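Notes follow the structure.
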Amino acid sequence: MNEPVDGMTISVRVRRDLVIVDAERFMAAAREAYRQLNPGVAETEVVDAVADAYDAVFTLLDHAGQQFAGTGDAGIWPLPGQPSELGRSGALPGVRVTDRPDGLSPAGSLHAVVLTEPQPLQDYGCFQPEDPFALPEEHTP
């Protein structure tokens, strides 16, 4: 039984895969997102702050969070009517969306809900678990 109870920890694990189909558009979109998050910043700082794929993804995620909070724009998440979920009316394997302004093609998503976490991340303080994405023992095969 999975009846909700006071104190129950719910952990939601999300995996979103994306394929870069146009690296120039991808970096341009991330740098523009950085500019929007940091108005008035010098161009040299933009280039330094968004220098590689990691920087670009984290910037787009930050920007998406801001957009979700305000306008409902999904940022790097799949646009309406485009493939998003693995095995659920998405594109066939190897088929990419090539016309998105961010140069990314959504390539599947998976979500897992775990109701048996021993404690929420907040309660670890600054000493997070070794692998915060690992499933509790009762969920591992």
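The values are calculated or read from the model by the stated rules, or taken from the named source; none is laboratory data. In this text, all values refer to a predicted model and were calculated from it rather than measured experimentally. When we count neighbours, we look across all protein chains shown, and the Cβ atoms used for this are built from the backbone with ideal geometry, even at glycine. In case anyone asks, the SASA skips ligands and DNA or RNA and just uses the protein heavy atoms, side chains included. Shrake-Rupley method; radii C 1.70, N 1.55, O 1.52, S 1.80 Å.
Taking the stretch 1-32 as the range and being of a type outside the set (A, V, I, L, M), part of a strand (DSSP E or B) and open to solvent by less than 80 Å² (accessible area, probe 1.4 Å) as the test, the residues that pass are SER11, ARG13, ASP17. Residue check: is ALA74 open to solvent by less than 80 Å² (accessible area, probe 1.4 Å), at pLDDT below 70 and within 30 Å of MET8 (Cβ to Cβ)? Spelling it out, ALA74 is indeed open to solvent by less than 80 Å² (accessible area, probe 1.4 Å), at pLDDT below 70 and within 30 Å of MET8 (Cβ to Cβ). Scanning the stretch 1-33 for residues that are of a type in the set (A, V, I, L, M) and in contact with a Leu (Cβ under 9 Å, 6 or more places away or on another chain) yields MET8, ILE10, VAL14, LEU18, VAL19, ILE20, VAL21, ALA29, ALA30, ALA33. What do you reckon, is SER109 over 28 Å from THR9 (Cα atoms) and at pLDDT below 85? So SER109 does not fit the description; no. Scanning the stretch 112-137 for residues that are of a type in the set (Phe, Trp, Tyr) and under 20 Å from VAL14 (Cβ atoms) yields TYR124, PHE133.
Look at (1) at pLDDT below 95; (2) open to solvent by 60 Å² or more (accessible area, probe 1.4 Å); (3) within 17 Å of PRO101 (Cα to Cα) and you find that HIS63 fails only one, number (2).
Checking each residue in the stretch 33-54 for being within 15 Å of GLY103 (Cα to Cα) and surrounded by 12 or more Cβ atoms within 10 Å (Cβ to Cβ) picks out ALA33, ALA53.
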